[in-house]
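Enquirer: What follows is a single structure, and I will ask about it in a moment.
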Amino acid sequence: MAEVTIVGVIGTGQIGSRMARRLLRAGLRVVIHDSDPVAMEGVTGVQQVDSAAAVARDCDLIIICVTDHHAVRDVVMGEEGILEAVLPKHLVIDTTTSTPATTREVAAALRERGADLVDAPVSRGVPAAENGTLSIMLGGHKASRERAWPVLEKLGTDIILTGEVGTGHIAKAMNMMVMAVNFTATMELMHVADSLGIPRETSIAHFAAGPGRSFVLDHHWPRYILPATYNSGFTLGLMWKDLRIASKIAADSGQVPLLGERVTSLYRWAATAGMAEADNTRLVEFTDQIHGLTQSARPGASSQYVLECLDQALFAAVYLGTLEALAVARAAGLESEQLLAVLNVSSGGSTVSKGMHDGYGNLELLYANVRKVTLMAIERGDPCFVMSLVPQILAMGLRELPRAASDDVIIDFMQRRMGKGDHSQGSGGESG
């Protein structure tokens, strides 16, 4: 197979523009198109064209990095789209956070012309796109994955094979849902500590050394939240969009993820309150306003006791959020091993995804600890939007499961409780 020397990039926003620059620095010729001409102005040294079809006329290999699944369909199947110029030699790499239903529809249309598509959504954000250290979730036919690999290696350091076409998008959406649960649970428990007079630096440091440790604890809090920089490069509106895609994948698979839907509602509240263009880490500021930052001079109990209770509550949220995503992924057709591999190199990673939670999964003990924290929050007037669901889910589990159930048993239980529980492949039609 001939070495790729020219690549098209359709969509030159925050991530796509940086992909184009990385490919240029790797010595490739790059052709770009964006529906907004202003978005192309900052990308120098490339050839700019006025349509997706024009990109296809110049390039055999085309990367799509647009806003959502609707935009993907337009780029490929719309007026002046890739299909108008496609030939059997073409390979499309879709890095957009999209839906598997759209991915399969678009891939089928390309295959009718002899071309192909792989889905390769990315994680780790703008800094990783700048540095070529993205994590990439790659789904599609083996030959097409192998053809895409040399180009993707110039963009990322961790490429995880997820399976058939569409599974990359399932993995990306579930990663974002887990990240959101981990982030909001940490934030809400930090607010409880706030209300008891415990400094944020103290509570976050304690959480980061505990069983609920996650990527967002290691990465977002020290870089963007505690120093109040709020500059992760990913907007709250985009996070809400990704969560809506995760919800759609769940719905198409006959599932209703309880924690996933709750965090989606919280992001919707913030986005529609005028924060869609703000950095997603400013959700902390939004909830600061809700909580009013009411603090007492000293906690009613010792700080150490309070922090130990909060530690266990955070673990419970991270644990259930991760297993819930694994249940949705299984129903949608993605194996647990592939999703765990993705989480562990992406923003949804935690002690749970890495299997470092032996001895913490006793449902009865978790329920007792989370209930203490819930009562603590109620006494302080703390509206824990997401954490309030955790004891309810644990209580449901305790009615049906052993006190020390395995992860797989809990995943099966969640899949039954969230929907059909029929292990369907989740390839339902796209509603548009």
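The values are calculated or read from the model by the stated rules, or taken from the named source; none is laboratory data. Nothing here was measured: the structure is a model prediction, and the numbers come from that model. Cβ sites come from the backbone with ideal geometry, for glycine too, and all protein chains shown count toward neighbours.
Enquirer: Any idea how many residues of the range 235-266 are in a helix (DSSP H, G or I) and among the polar types (S, T, N, Q)? Break it down into steps so the answer makes sense when it comes.
Expert: Just the residues of the range 235-266 that are in a helix (DSSP H, G or I), to begin with: 236-252, 258-266.
Those still in the list that are among the polar types (S, T, N, Q) too: 247, 264-265.
The qualifying residues number 3.
Enquirer: Considering only residues that are polar (S, T, N, Q) and either more than 19 Å from the chain's Cα centre (by Cα) or more than 18 Å from Ser388 (Cα to Cα) (or both), look in the range 171-196 and name the one that is surrounded by the most Cβ atoms within 10 Å (Cβ to Cβ).
Expert: Only one residue tops the list, namely Asn175.
Enquirer: Which condition breaks for Glu41 when tested against (1) under 19 Å from Leu238 (Cβ atoms); (2) of a type in the set (D, E, K, R); (3) without any contact (Cβ under 8 Å) to a residue 12 or more places away in the chain?
Expert: Going through (1) under 19 Å from Leu238 (Cβ atoms); (2) of a type in the set (D, E, K, R); (3) without any contact (Cβ under 8 Å) to a residue 12 or more places away in the chain one by one, Glu41 breaks only (1).
Enquirer: Still on this structure: Just give me the residues in the range 239-265 being surrounded by fewer than 21 Cβ atoms within 10 Å (Cβ to Cβ) and hydrophobic (A, V, I, L, M, F, W, C), in sequence order.
Expert: Ala251, Val256, Leu258, listed by residue number.
Enquirer: Looking only at residues that are among the small types (Gly, Ala, Ser) and under 10 Å from Ile63 (Cα atoms) in the range 1-43, which one is surrounded by the most Cβ atoms within 10 Å (Cβ to Cβ)? Even if it seems obvious, please write down each step before you answer.
Expert: Taking the range 1-43 and keeping what is among the small types (Gly, Ala, Ser), we get 2, 8, 11, 13, 16-17, 20, 26-27, 35, 39, 42.
When the remaining residues are screened for being under 10 Å from Ile63 (Cα atoms), the result is 8, 11, 16, 20.
Working: Gly8: 30, Gly11: 26, Gly16: 24, Ala20: 27.
It comes out as Gly8.
Enquirer: Looking only at the range 197-211, filter to residues that are in a loop (DSSP other than H, G, I, E, B) and out of contact with any Ser or Thr (no Cβ under 7 Å at 6 or more places or on another chain); which one of those is surrounded by the fewest Cβ atoms within 10 Å (Cβ to Cβ)?
Expert: Residues of the range 197-211 that are in a loop (DSSP other than H, G, I, E, B), as a first pass: 197-199, 209-211.
Then drop every residue that is not out of contact with any Ser or Thr (no Cβ under 7 Å at 6 or more places or on another chain), which leaves 199, 209-210.
Values: Pro199: 12, Ala209: 10, Gly210: 18.
Looking at residues that are in a loop (DSSP other than H, G, I, E, B) and out of contact with any Ser or Thr (no Cβ under 7 Å at 6 or more places or on another chain), I get Ala209.
Enquirer: Counting only residues that are of a type in the set (Ser, Thr, Tyr) and either under 26 Å from Arg18 (Cα atoms) or assigned by TED's automatic domain parsing to the domain that holds Gln14 (or both), which one in the range 197-254 is farthest from the chain's Cα centre (by Cα)?
Expert: Looking at the filtered set, the residue picked out is Thr229.
Enquirer: Then there is this: For the range 310-317, state whether one or more residues are over 22 Å from Met418 (Cα atoms) and without any contact (Cβ under 8 Å) to a residue 60 or more places away in the chain.
Expert: No, every residue in the range 310-317 fails to be over 22 Å from Met418 (Cα atoms) and without any contact (Cβ under 8 Å) to a residue 60 or more places away in the chain.
Let's see how each residue does on (1) in a helix (DSSP H, G or I); (2) surrounded by fewer than 23 Cβ atoms within 10 Å (Cβ to Cβ):
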| residue | (1), (2) |
| --- | --- |
| Val216 | yes, no |
| Thr229 | no, yes |
| Arg268 | yes, yes |
| Asp288 | yes, yes |
| Ala316 | yes, no |
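Enquirer: So which residues in the range 343-371 are outside any loop (DSSP other than H, G, I, E, B) and either crowded, with 18+ Cβ neighbours inside 10 Å or at pLDDT below 90 (or both), if there are any at all? Walk me through it before giving the result.
Expert: Of the residues in the range 343-371, the ones outside any loop (DSSP other than H, G, I, E, B) are 343, 350, 363-371.
Correct list: Leu343, Ser350, Leu363, Leu366, Tyr367, Asn369, Val370.
Enquirer: What residue, among those in the range 268-285 that are of a type outside the set (Gly, Ala, Ser) and in contact (Cβ under 8 Å) with a residue 40 or more places away in the chain, is farthest from Arg223 (Cα to Cα)? Steps first, please.
Expert: Quick first cut of the range 268-285, residues of a type outside the set (Gly, Ala, Ser) only: 268-269, 272, 275, 277, 279-285.
Cutting the leftovers down to in contact (Cβ under 8 Å) with a residue 40 or more places away in the chain gives us 277, 279-285.
Details: Glu277: 20, Asp279: 13, Asn280: 13, Thr281: 10, Arg282: 13, Leu283: 15, Val284: 14, Glu285: 15 Å.
This residue is Glu277.
Residue-wise test of (1) of a type in the set (A, V, I, L, M); (2) modelled with pLDDT under 95; (3) crowded, with 21+ Cβ neighbours inside 10 Å.
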position: Glu80; (1), (2), (3): no, no, no
position: Leu87; (1), (2), (3): yes, no, no
position: Ile93; (1), (2), (3): yes, no, yes
position: Val106; (1), (2), (3): yes, no, yes
position: Val118; (1), (2), (3): yes, no, yes
position: Pro127; (1), (2), (3): no, yes, no
position: Gly140; (1), (2), (3): no, no, yes
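Enquirer: Scan Val192, Val181 and give me the residue that is in a helix (DSSP H, G or I) and touching a Cys at 6+ places or on another chain (Cβ under 9 Å). Spell out how you get there, then give the answer.
Expert: Working: Val181 fails: touching a Cys at 6+ places or on another chain (Cβ under 9 Å).
Unique residue meeting the criteria: Val192.
Enquirer: State whether the residues of the range 58-66 include one that is assigned by TED's automatic domain parsing to the domain that holds Ala115 and either free of Cβ contacts under 8 Å to residues at least 40 places away in the same chain or hydroxyl-bearing (Ser, Thr, Tyr) (or both). Lay out the reasoning, then the answer.
Expert: So the first thing to find is which residues in the range 58-66 are assigned by TED's automatic domain parsing to the domain that holds Ala115, and the list is 58-66.
Keeping just the survivors that are either free of Cβ contacts under 8 Å to residues at least 40 places away in the same chain or hydroxyl-bearing (Ser, Thr, Tyr) (or both) gives none.
No, the range 58-66 contains no residue that is assigned by TED's automatic domain parsing to the domain that holds Ala115 and either free of Cβ contacts under 8 Å to residues at least 40 places away in the same chain or hydroxyl-bearing (Ser, Thr, Tyr) (or both).
Enquirer: Looking at the structure I just gave you, is Glu335 surrounded by fewer than 22 Cβ atoms within 10 Å (Cβ to Cβ) and touching a residue at least 60 places away in the same chain (Cβ under 8 Å)? Reasoning before the result, please.
Expert: Working: surrounded by fewer than 22 Cβ atoms within 10 Å (Cβ to Cβ): yes; touching a residue at least 60 places away in the same chain (Cβ under 8 Å): yes.
Yes: the conditions hold for Glu335.
Enquirer: Exactly one condition in (1) crowded, with 20+ Cβ neighbours inside 10 Å; (2) part of a helix (DSSP H, G or I); (3) touching a strand residue (DSSP E or B) at 6+ places or on another chain (Cβ under 6 Å) is not met by Leu326; state its number.
Expert: (3)
Enquirer: So which helices (runs of 4 or more DSSP H) are wholly in the range 1-108 and hold at least 1 residues that are in contact with a helix residue (DSSP H, G or I) (Cβ under 6 Å, 6 or more places away or on another chain)? Step through it out loud before you land on a result.
Expert: On the way: elements: 14-25, 37-40, 52-58, 69-77.
Of the helices (runs of 4 or more DSSP H) lying wholly inside the range 1-108, those with at least 1 residues that are in contact with a helix residue (DSSP H, G or I) (Cβ under 6 Å, 6 or more places away or on another chain) span 14-25, 52-58, 69-77.
Enquirer: Residues of the range 372-395 being surrounded by 15 or more Cβ atoms within 10 Å (Cβ to Cβ) and part of a helix (DSSP H, G or I), which ones?
Expert: Lys372, Val373, Thr374, Met376, Ala377, Leu389, Val390, Pro391, Ile393, Leu394, listed by residue number.
Enquirer: Taking Thr272 as the residue in question, decide whether it is assigned by TED's automatic domain parsing to the domain that holds Leu339, outside any helix (DSSP H, G or I), under 29 Å from Gly13 (Cβ atoms) and at pLDDT 95 or above. Walk me through it before giving the result.
Expert: On the way: assigned by TED's automatic domain parsing to the domain that holds Leu339: yes; outside any helix (DSSP H, G or I): no; under 29 Å from Gly13 (Cβ atoms): yes; at pLDDT 95 or above: yes.
For Thr272, the condition - assigned by TED's automatic domain parsing to the domain that holds Leu339, outside any helix (DSSP H, G or I), under 29 Å from Gly13 (Cβ atoms) and at pLDDT 95 or above - is not met.
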